[in-house]
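The structure appears right after this line, and notes come after that.
Just so it is clear, none of the values below were taken in a lab; they were calculated from the coordinates. What you see is a predicted model, and the numbers here were worked out from it, not measured in a lab. All Cβ positions, glycine included, derive from the backbone under ideal geometry; neighbour counts span all protein chains shown.
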Amino acid sequence: MIKLSQRNAIADSGVSVSPLGLGTVKLGRDKAVKYPEGFKIPDDKQALDLLAQAWDLGINLIDTAPAYGNSEQRLGKLLPQLPHDWVIATKAGEYYDPVSGASRYDFSPGSIISSVENSLKQLNREVLDIVLIHSNGNDKQVIEQEGALDTLNELKRRGLIRATGMSTKTVEGGLLALQQSDLAMVMHNLQYQDEQAVLDQAEKSGKGIFIKKALGSGHIAKDTGSQDIVQANFDFIFKEPAVSSVIIGTINPAHLAENVAKAVSAINRA
Ligand SMILES: NC(=O)c1ccc[n+]([C@@H]2O[C@H](COP(=O)([O-])OP(=O)(O)OC[C@H]3O[C@@H](n4cnc5c(N)ncnc54)[C@H](OP(=O)(O)O)[C@@H]3O)[C@@H](O)[C@H]2O)c1
């Protein structure tokens, strides 16, 4: 079996992650999502098998969020059945409304604090490994006017979080996030390279980078041209030294194994 053995440190937080992480939108939310096709949320047995497979393939990082429906709650129930040393990244600021199926945002200190307290409860943890501000796109305002990273950093000082960061949508926001926290989560793939400057700065300053939407939420992976598009994107992404982990959302065990094999191949050739 081809597996990932490497671990990448996130700044000086003491948290180390596998170069590929498992995204878990599809474990908890099927409304108002951006995937090319509908899907059925896996039941507990399927989800547990997927998580066990991820661990066996060398993945130690799971990415979740309150905005991913009941993803956090399910992980809190399922992960203790696989007593491994998982690193969990969660978020705060975006919330899922199960009635409307839509997202709402609140970056006020009270909301961020109660979100982190709720994540600790849902995930059955005394300390959260990684918490990211889940931006609505107004990155600069969320950081500078609403002080969302200040709130997270205060929770880190109180010992409730090991590493803080922000999932950003702008270069300005990504650079501010790197100045004020341990990592930025950015979109980057062969079709979208607008945030390259954030990757460059992370490398210079020794901060972490998570890549989201490496396969364009599945739209890129549907390209059936002559090129192996998953491999081509991984080759492109893993040659960036700043990348701590590429978070791929999959509920398909064959895709999970394929992604690990292609990530290993890309890393070995980078
Ligand atoms: N922080 C944020 O603002 C933010 C935003 C978006 C996403 N995220 C995080 O990043 C993760 C990834 O983002 P994403 O799920 O939107 O996009 P993605 O990882 O680019 O794409 C996931 C989609 O690609 C498909 N896929 C995966 N591997 C494949 C393969 N080898 N061949 C063909 N199709 C494949 C998956 O379908 P199958 O299930 O069928 O494999 C799924 O529909 C999320 O789960 C979440 O944890 C964060």
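Odds and ends about this structure:
- Segment Gln46..Glu258, full-extension length gain: 74.5 nm, with 0.36 nm per residue of separation and the alpha-carbon distance subtracted.
- When both the stretch 54-117 and the stretch 184-261 are represented by their alpha-carbon centers, they are found 21 Å apart.
- Only helical runs count toward this figure. For the chain, summing -39,500 (n - 2.57) over DSSP H runs of n ≥ 4 and dividing by all residues gives -10500 deg cm²/dmol at 222 nm.
- Here the label points at Asp85 and Phe39, each 7 Å from Cα along the C-beta direction, are separated by 2.9 nm in the simple model.
- Both radii are taken from the alpha-carbon atoms of the stretch 37-86; with Rh as the Kirkwood radius, Rg/Rh is 0.95.
- Descending semi-axes in whole angstrom, ellipsoid equivalent of the chain, from the Cα gyration tensor: 25, 22, 18
- The gain in end-to-end length when the Gln145 to Asn268 segment is fully stretched comes to 40.0 nm, 0.36 nm per residue minus the alpha carbon separation.
- Applying D = kT/(6 pi eta Rh) to the stretch 102-182, where Rh is the Kirkwood radius over alpha-carbon pairs, T corresponds to 37 °C and eta to 0.692 mPa s, the Stokes-Einstein value obtained is 260 µm²/s.
- Loop exposure criterion: GluC sites (Glu not before Pro), DSSP state outside H, G, I, E and B, at most 10 other Cβ atoms within 10 Å. Applied to the chain, the longest stretch between such sites is 127-270.
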